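Quick note: the coordinates plus some simple rules give every number you see, no bench work behind them. Everything quoted here is computed from the prediction, not taken from an experiment. Reconstructed Cβ throughout: ideal geometry from the backbone, glycine too, with neighbour counts over all protein chains shown.
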Amino acid sequence: MKRRKDQTPCVGYLSCADLPRVWASRSTGGFSVLELLVTVVIVLILMGLFWSPNSESRQRALRKSCQKNLQKLYVSMEIYANDNGGKFPEVQGARTSAEVLDVLVPRYTSDTSLFACPGSKVSTPPPGESIRKRKISYAYYMGRYLTNAPEALLSDKQVDTSPKVVGQLLFSTSGKPPGNNHRKFGGNVLFSDGHVETSSCGARFPLPLKQGEVLLNP
């Protein structure tokens, strides 16, 4: 008996006429290479949007790391204050926060990475070495004591060194210097009792300066 032309064996016991049906059934059972590539591209785009330095979600994560830095610095500053009549570091004639906070290194902390906010472009100083002539990330309210619990002690770099009332510009609104540790997404303020609060670009709380106190930006 002769075979019909459309029943000519093509692969194993399948005829060539059966192949389109088999391939169609296989293609519906999983992802094609093109579908996998599209999925990978979408995932990479979403990761890029999240981890971009200019994304709010990325800066929110970095602000949390920044808070931990400030809280660890507070421990060193509290010990210093207890050794010095309750007063936080002070250096007469200082023009930057680094000149004052240098007194903490290395006796009160050798971890100089704490002086570099994770959201800023400031490089980490070498461990245990003086930070006096280096650039750090944080502004410092010099002239305060442990008893000044409701008042600010350290903060992310501010737009200027003036006292602030609620709503007054505190951090950058454009993402450009000054005051842009966390681009245009606000920043952190450490208070003299050790707690940290986050503020948007406009101050959420008053930040006054009394006589004998001065705010030193980095």
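Once Lys and Arg get +1 and Asp and Glu get -1 on their Cβ, which of Gly175, Tyr145, Thr112 lies farthest toward the positive end of the dipole of the range 108-218?
Result: Gly175.
Treating only the Cβ atoms of Lys and Arg (+1) and Asp and Glu (-1) as charged, compute the dipole magnitude of the range 57-216 about its Cα centre; round to the nearest 20 debye. The partial results should precede the final answer.
Values: 22 positive and 13 negative charges, 159 e Å.
Using Cβ point charges on Lys, Arg, Asp and Glu, the range 57-216 gives about 760 debye.
What's the local net charge at Glu129, with K and R +1, D and E -1, over the other residues with C-beta under 12 Å away?
+1
Using only Cα atoms, locate the centre of the range 175-205 and the centre of the range 81-95, then give the distance between them in Å, rounded to an integer.
Centre-to-centre distance over Cα atoms comes out at 23 Å.
Count the net charge of all other residues whose Cβ sits under 12 Å from the Cβ of Arg58, scoring Lys and Arg as +1 and Asp and Glu as -1. Before the final figure, lay out each step's value.
Values: positive: Arg60, Arg63, Lys64, Arg183; negative: Glu56.
Neighbourhood net charge equals +3.
Using every alpha carbon pair in the range 59-218, what percent of pairs falls into each 10 Å bin from 0 up to the bin containing the largest distance?
12, 45, 37, 6, 0
Would you mind ranking Ser192, Ser200 by Cβ crowding within 10 Å, fewest neighbours first? Walk me through the intermediate numbers first.
Details: Ser192 22, Ser200 14.
Lowest to highest Cβ neighbour count: Ser200, Ser192.
PRE reach from Val166 (point 7 Å along Cα→Cβ): which of the range 174-218 fall under 13 Å by backbone N?
203-207
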